[in-house]
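Take a look at the structure below.
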Amino acid sequence: MKINGLLKLTLLDFPGHTACTVFFGGCNFRCPFCHNATLVRGEGENITEEEFFKFLSKRQGLLDGVCITGGEPLLQRDIADFMRKIKEMGFEVKLDTNGSFPEKLKELCSAGLVDYVAMDIKSSLEGYSRAAGVSVNIEK
């Protein structure tokens, strides 16, 4: 898991919840307007899972949820285990995704690991690949 940032409190990112936001590095898109371009390159802080969960354990009873964002967090191989640990601690999970991994998203939702999904729609279908900066299979 490549955690490149942590916002310890947000009142905006997870509607109706107090939450923290964890940022994962890496993205399969190269949107020219990306506001998290450093994360796309995997730059930023280097936070271990152990550090993150130590922080989160201190926020039990204070925060309602965790926002998982990036980059594209579904690139993380162990994202399901990460979400499961968060859920086991009693937090709700919000996932921000570009929607390019629909099978993985469906699997996570079906397993009850995601409470809220925010999908970033980049453009009309006709201009999608241009907006994403890479060739995108819009059939997905």
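The values are calculated or read from the model by the stated rules, or taken from the named source; none is laboratory data. All values derive from a computational prediction rather than experimental measurement. Note: accessible area is taken over every heavy atom of the protein model, side chains too, but ligands, DNA and RNA are not part of it. Shrake-Rupley method; radii C 1.70, N 1.55, O 1.52, S 1.80 Å.
A few remarks follow.
- Global size of the range 15-140: 15.0, 47 Å for Rg and Dmax (C-alpha atoms, Rg to one decimal, Dmax whole).
- Accessible surface, 1.4 Å probe, highest first, among residues V40, V93, V117: V117, V40, V93
- Out-of-range pairs (alpha-carbon distance over 32 Å; input K8/K140; K85/K140; K54/K122; K58/K122): K8/K140; K54/K122; K58/K122
- Calculated mean residue ellipticity at 222 nm for the chain: -7000 deg cm²/dmol, from DSSP H runs with n ≥ 4 weighted as -39500 (n - 2.57), summed, divided by the residue count and rounded to 500.
- Solvent-accessible area of the chain (1.4 angstrom probe, protein heavy atoms only): carbon and sulfur portion equals 51 percent.
- Of K106, K85, K122, the order by accessible heavy-atom surface (1.4 Å probe, DNA, RNA and ligands excluded), from most exposed downward, is K106, K85, K122.
- Solvent-accessible area per residue for the chain (1.4 angstrom probe, square angstrom): 55
- Accessible heavy-atom area order of M83, M1, M119, M89, highest first, probe of 1.4 Å: M119, M1, M89, M83
- The chain - share of DSSP beta bridges that are antiparallel (%, nearest 5): 30
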